[in-house]
Amino acid sequence: MAQPIPDPAERVSLAHAPSFRLGAVEFDPPTRQMRCGGESETLEPRVMQVIVALAQKQGAIVTRDELIARCWDGRIVGENAIHRVVSRVRHVAATIGGGSFQIETIAKVGYRMIAGEGAVPGRVQRAVRSRSRFVTAALAAALAGLGLAAAAGLWLWNGGAGQLSKVAIVVADGNGQGQSAELERDLLVDLSSLPEGRIGRLVLIEPSAQDPAAVAADFLVRVSAERASGRLHADLSLAARTDSRVLWSASFERSSNQVADLRQQAAATLGAVLVCLGDAVQPVSRLDAATLQLYLASCGKGPEEVDETQVRRLRQVTAHAPTFAHGWADLALAEALTLPDPPADAAQRANTLDHIGRARSLDPNQGETYVAEAQLITVQNRWGDRLRLYERGIALDPDLALLHAYRSFELTRVGRMQEAVASARRAVALDPLSAFDRDVLVSSLAYSGQVAAAFAELERAERVWPGVRLMRALRYRMELRFGDPRAALRSHDQPDLFDMLNPPTDRSWEAFLRARIDPSPANIQHAVDAFAARYPARLMGLLQTLGYFGRADEAYRAMAPPQMLPQIGTEVLFRPHMRSLRDDPRFIALAARLGLLAYWRDAGIWPDFCLDPALPYDCRAEAAKLVPAPLR
């Protein structure tokens, strides 16, 4: 009889791993056999190891470093090797596995195994099934709704081709007093900060005795709030006036002395949903109720939240609404953000390009498609190509905050730091309720040397999104580099803050923080040694540690081998703690090797640090000494 898999921390040993089930699929690791419905297949050893490692985590995320440690014996392996094996796992899951399980990529973090559409109860995956039930229930409800809509015809908005759709925020219980009424009024004020262009054909209206919202509005946002046991709880729901079904809902809870924080969080969440609703009520869209439910469930997320569940939902949206331009644009963007870097499968990239084309054929002004296309340019030194795409998108869709945010990050890669801050501020002005855009602004301020302003923005953001992973990770990064190293150390017990390249089990950053606390020669050397021990895999951590403690010579030696150039994230080179490298004339030669010098010359724009009167050399003079070299 199959037994549940133990969860050892050591290397996956197929010879000693017991048999197990994932839904309808049986696995026997010692023989590498996978069996389902009378069919069987012998898997490659590495493929079986990865399946075992993912299954043992019961739906939790497995980082890249964990996979390497458990399935590759900790050896340095390339991204392509990992992507090849994961692609093979996905193939067997979809074919012989009959969809009993799926592998989900968590952007910039790792992978996790989830129960698929064809899953049946098995002996493992209890945590996975729990999560899958939630997702499957949502999809089942949407599909059931589609059947009803098909029988009754399309469910159309009241607004005609030339009309705006009205949204009213109303108290759920009809009581004009108390917490619900107060939150309703506050939300109306907060949402008025959204630029008119971002909510498309929606207009917010305020209920009145002469014009009751229940009569005048096309959509109703119902608000309910109450205090109990020192807590404030609020529920929001969105529905069409002519249909009782709930299109979207969310709940919020805070301490009773955090009313303002709850208000801001609710407004941020609702604002994102209304932006999506504004896209969906265009006259040419004509989404039925079930498809709109599905779209609102997958829309309004920041780039850091995109995962394959969202991709699957958006594929269903476009299948049911093939003329919905925003659906195709959002699908292309979600696909681009979840593709491996570089894409392991050329067909994946081709599909995304096709979806970009579909979106533009329906509406050529879809700014999201330019963000998506830029993500497909994975060659590092093509900064100019990516910037041109962002700028072309901004010319067509100037009110899309995401374009300005991504442009900001790209500008930091080429040292145009003040322009990066300006772009980030523009993104926040366009979408003041976006956590992602606020993250970009805080980061650009800090990395341009405006640390006090960055911390002030961070504190404002934390009041809106307390406890959110993005904000906790941002706080950690700020304390790590610029703030209290002891506070950063305390964050090391929050493993979800760390991505694949910086797992909490890696003690390198801990050594760096202890050197910041006590910068003795011994502590600094220990921090350097901690990163050097994993060179070249931890090249960027090593460079930043050397830069922080002014050891430029060692940093230049670490970057000397030609094979190191593709691993250098150029945005790091322009941060304040890397000044010792930039103050060295060798930096211009390094910039030439990286392709930065060619970019600066072609663009006719030199990086900000070259304008610093304290710089001990002249950038143009140093550049003139170099023989032009071909770009790598």
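The values are calculated or read from the model by the stated rules, or taken from the named source; none is laboratory data. None of these values were measured; they are calculated from a predicted model. Here the Cβ is made from the backbone with ideal geometry for all residues, glycine too, and neighbour counts use every protein chain on show.
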Report task. With respect to Arg425, determine if the residue is surrounded by 18 or more Cβ atoms within 10 Å (Cβ to Cβ) and touching a Pro at 6+ places or on another chain (Cβ under 8 Å). Result -> no
**Report entry** Of the criteria (1) touching an Asp or Glu at 6+ places or on another chain (Cβ under 6 Å); (2) among the hydrophobic types (A, V, I, L, M, F, W, C); (3) at pLDDT 80 or above, which one Val50 fails
**Finding:** (1)
Query - Residue selected from segment 75-102 under the condition in contact (Cβ under 8 Å) with a residue 12 or more places away in the chain and part of a loop (DSSP other than H, G, I, E, B), by the criterion nearest to Leu22 (Cα to Cα) - result: Ser100
Query - Any chance Pro607 is surrounded by fewer than 17 Cβ atoms within 10 Å (Cβ to Cβ) and at pLDDT 95 or above - result: no
Query raised in the report: Is it true that some residue in segment 596-612 is farther than 30 Å from Gln418 by Cβ, without any contact (Cβ under 8 Å) to a residue 12 or more places away in the chain and in a helix (DSSP H, G or I)?
Result: no
Query raised in the report: When both residues are 6+ apart or on different chains and their Cβ atoms are under 7 Å apart, which pairs have a first residue that lies in segment 32-61 and is without any contact (Cβ under 8 Å) to a residue 12 or more places away in the chain and surrounded by fewer than 22 Cβ atoms within 10 Å (Cβ to Cβ), and a second that is outside any loop (DSSP other than H, G, I, E, B) and of a type in the set (Ser, Thr, Tyr)?
Result: Gln33/Ser40; Gln33/Thr42
**Report entry** Index of the failed condition, Val379 passing every other in (1) of a type in the set (A, V, I, L, M); (2) more than 21 Å from the chain's Cα centre (by Cα); (3) surrounded by fewer than 18 Cβ atoms within 10 Å (Cβ to Cβ)
**Finding:** (2)
Report summary line: Counting only residues in segment 515-566 that are part of a helix (DSSP H, G or I) and hydroxyl-bearing (Ser, Thr, Tyr), the one farthest from the chain's Cα centre (by Cα) is identified as Tyr556
**Report entry** Residue in segment 471-514 that is farthest from Ser443 (Cα to Cα), counting only those that are in a helix (DSSP H, G or I), modelled with pLDDT under 90 and of a type in the set (Asp, Glu)
**Finding:** Asp493
Query - Which listed residue, of Leu262, Leu247, is modelled with pLDDT of 85 or more and not assigned by TED's automatic domain parsing to the domain that holds Ala435 - result: Leu247
Report summary line: Residue count, segment 429-467, condition touching a residue at least 24 places away in the same chain (Cβ under 8 Å), farther than 20 Å from Leu402 by Cβ and assigned to a helix (DSSP H, G or I), comes to 5
Query raised in the report: Picking from Pro364, Pro432, which residue would you name as being surrounded by fewer than 20 Cβ atoms within 10 Å (Cβ to Cβ) and assigned by TED's automatic domain parsing to the domain that holds Val442?
Result: Pro432
Query - Residues of segment 345-400 satisfying the condition of being in contact (Cβ under 8 Å) with a residue 60 or more places away in the chain, more than 27 Å from Val428 (Cβ to Cβ) and in contact with an Asp or Glu (Cβ under 8 Å, 6 or more places away or on another chain) - result: none
Requested in this report: Give the residue that is nearest to Ile82 (Cα to Cα), with candidates limited to residues of segment 18-31 that are free of Cβ contacts under 8 Å to residues at least 24 places away in the same chain and not charged (D, E, K, R).
Outcome: Pro29
Query raised in the report: Which residue, of Ala267, Ala272, Ala290, Ala280, is touching an Asp or Glu at 6+ places or on another chain (Cβ under 6 Å), surrounded by 18 or more Cβ atoms within 10 Å (Cβ to Cβ) and modelled with pLDDT of 80 or more?
Result: Ala267
Query raised in the report: So, of the residues in segment 26-62 that are in a strand (DSSP E or B) and not hydrophobic (A, V, I, L, M, F, W, C), which turns out to be nearest to Glu104 (Cα to Cα)?
Result: Glu26
Query raised in the report: Inside segment 242-263, can you point out the residues that are polar (S, T, N, Q), over 19 Å from Gly278 (Cα atoms) and assigned to a strand (DSSP E or B)?
Result: Ser251, Ser255
Query raised in the report: Within the set of pairs 6+ apart or on separate chains, which have a first residue in segment 567-579 that is farther than 18 Å from Asp553 by Cα, a second that is in a helix (DSSP H, G or I) and at pLDDT below 95, and C-beta atoms under 7 Å apart?
Result: Gln567/Leu539; Gly569/Met540
Query raised in the report: Checking Ile588 against (1) farther than 22 Å from Ala527 by Cα; (2) modelled with pLDDT under 95, which test does it fail?
Result: (2)
